[in-house]
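Below: the structure, in structure tokens.
The values are calculated or read from the model by the stated rules, or taken from the named source; none is laboratory data. Bear in mind that the values here come from a model prediction, so they are computed numbers and not experimental data. Positions of Cβ are generated from backbone atoms using ideal geometry, with glycine treated the same way; all protein chains shown enter the neighbour counts.
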Amino acid sequence: MSAPSPHRIEFAIAEAQRLLAILTPEEREDEATLLGAIEGETDALEVLRRVVLAAEEAGTVADALKPTIQARQERKRRAELREERYRMVAGAMMAALGITKHVDPEFTITTRPGKPKLIVTDEDAIPLRFCVPTYKVEAAAVRAALETGEDVPGATLSNGTDIVTIRTK
């Protein structure tokens, strides 16, 4: 079963909202009456069912793809290692031949001396003038302060979103 289109979802919601507008407050508060009315007068619950089943199917597909993605990532890593080894071999061949440039109809290869890489052997021994102070926002403390009503410049709490839980049988 495929997921309903966005248009179909919007239509089902609008249809149910029109029904809700004509129900009495008592009918809207009684969940069994409300669900019965929605089910009897609209197909919103069937559309909801199709959305939930589509979500479950998408999750199943995502789970099924994990091993394939991991295998492809491993394959990519091996290809990148091969590429690196071939480049090293080409560079070694050029050094052995005593050349720094070769023009071929399909490519041009050149070699040049690389920059020395920095190796830090003892971070504590590095003078402070070469260090940068860092800080990290303590999110839990900021949240706690905001929740107690304290004003924290540069931070605010968002509107919470509903958490959707789907349990399958």
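Worth pointing out:
- Elements of the type helices (runs of 4 or more DSSP H) sitting completely within region 1-108 and holding at least 3 residues that are charged (D, E, K, R), over 36 Å from the mean Cα position of the chain (by Cα) and farther than 26 Å from Thr168 by Cβ: these cover 25-29.
- Selection count where residues are in a helix (DSSP H, G or I) and not β-branched (Val, Ile, Thr), scope region 136-166: 8
- Of Ile38, Ile9, all but one fail to be within 21 Å of Val164 (Cα to Cα), surrounded by 11 or more Cβ atoms within 10 Å (Cβ to Cβ) and at pLDDT 95 or above; the exception is Ile9.
- Selection count, region 138-165, where residues are loosely packed, with under 10 Cβ neighbours inside 10 Å and either under 30 Å from Ala55 (Cα atoms) or among the β-branched types (Val, Ile, Thr) (or both): 10
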